[in-house]
Amino acid sequence: TTANPAGLTARQLEVAQLVADGLTNAEIAEHLVMSVRTVDSHVAAVLDKLEVATRRQVARRAAELGLRPDRS
């Protein structure tokens, strides 16, 4: 988790990137081959660690932290 300023795990970082790309939890689950319930937990952790309330804010915050290119 020290690899990024938000303290996201590698899996949370993957989930954050997919959330920022606009995928639903079901689509993320299919893409990462995990249950939707597990994705729900990861998304909740991402929102908490990035200190945001919405999926849209995930993309913005991730770009601000250098976790992904700014696509806005």
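Bear in mind that the values in this text are calculations on the coordinates, not laboratory data. Model, not experiment: these values are computed from the prediction. Here the Cβ positions follow ideal geometry from the backbone for every residue, glycine too, while neighbour counts run over all protein chains shown.
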Taking Cα atoms only, helix 10-20 is inclined relative to the longest principal axis of the chain by an angle, in degrees rounded to 10, of 90 degrees
Quick calc, the chain, dipole around Cα centre from Cβ unit charges on Lys, Arg (+) and Asp, Glu (-), nearest 20 debye, gives 120 debye
Summing +1 per Lys or Arg and -1 per Asp or Glu among the other residues with Cβ less than 13 Å from ALA26's Cβ gives -2
The helix 36-49 Cα axis meets the longest alpha-carbon principal axis of the chain at an angle in degrees, between 0 and 90 and rounded to 10, of 10 degrees
Nearest 10, in degrees from 0 to 90: the angle of helix 55-64 to the longest Cα principal axis of the chain is 40 degrees
Over its alpha-carbon atoms, the chain yields an Rg and a Dmax in Å of 11.0, 30
Quick calc: nm separation of the 7 Å Cα→Cβ label points for GLU27 and ALA44 -> 2.3 nm
Dividing the helical contributions, -39500 (n - 2.57) per DSSP H run of n ≥ 4, by the residues of the chain yields a 222 nm value, nearest 500 deg cm²/dmol, of -18000 deg cm²/dmol
For the stretch 15-63, listing GluC sites (Glu not before Pro) in a DSSP loop whose Cβ sees at most 15 other Cβ atoms within 10 Å gives GLU51
So ARG37 and ALA53, fully extended at 0.36 nm per residue minus their Cα-Cα distance, gain in nm 3.9 nm
